[in-house]
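Structure first, commentary second.
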Amino acid sequence: MGILDEERPRKARPHEIGQDLSLLSVADLEERIGLLRAEIGRLESELKAKGSTKQAAEALFRRI
């Protein structure tokens, strides 16, 4: 028999905005800071890519 959905272990969230941080260790906090920095880098890369796409589209429509 299979495991019911309720019995499956939930995947831990690496960080939740506004989460109580008082119970986290220094190592946990450092790990989360690293994860958040990596996510910020990913977001900034996507923002640049979208900005480039927008500029290209605007340039195209100016020519028409």
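Against the condition open to solvent by 100 Å² or more (accessible area, probe 1.4 Å) and modelled with pLDDT of 90 or more, how does Glu46 come out, does it pass? Write out each step before concluding.
Details: open to solvent by 100 Å² or more (accessible area, probe 1.4 Å): no; modelled with pLDDT of 90 or more: yes.
Taking the combined requirement at face value, the residue does not satisfy it.
Does Arg63 count as at pLDDT 95 or above and either open to solvent by 100 Å² or more (accessible area, probe 1.4 Å) or on the phi > 0 side of the Ramachandran plot (or both)?
Working: at pLDDT 95 or above: no; either open to solvent by 100 Å² or more (accessible area, probe 1.4 Å) or on the phi > 0 side of the Ramachandran plot (or both): yes.
Criteria not met by Arg63.
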Log entry, pairs with first residue in segment 13-24 being without any contact (Cβ under 8 Å) to a residue 60 or more places away in the chain, second being open to solvent by less than 100 Å² (accessible area, probe 1.4 Å) and not small (Gly, Ala, Ser), beta carbons closer than 8 Å, six or more apart or on different chains, reads Pro14/Arg32; Pro14/Leu35; His15/Arg32; His15/Leu35; His15/Leu36; Leu21/Leu29; Leu24/Arg32
Residues of segment 15-43 being touching a Pro at 6+ places or on another chain (Cβ under 8 Å) and open to solvent by less than 70 Å² (accessible area, probe 1.4 Å), in sequence order, are Arg32
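The values are calculated or read from the model by the stated rules, or taken from the named source; none is laboratory data. Quantities reported herein were computed from a predicted structural model and do not represent experimental measurements. Using ideal geometry, Cβ is built from the backbone for each residue, glycine included, and neighbour counts are taken over all protein chains shown. Areas reflect the complete protein model, heavy atoms only, side chains present, ligands, DNA and RNA absent. Shrake-Rupley method; radii C 1.70, N 1.55, O 1.52, S 1.80 Å.
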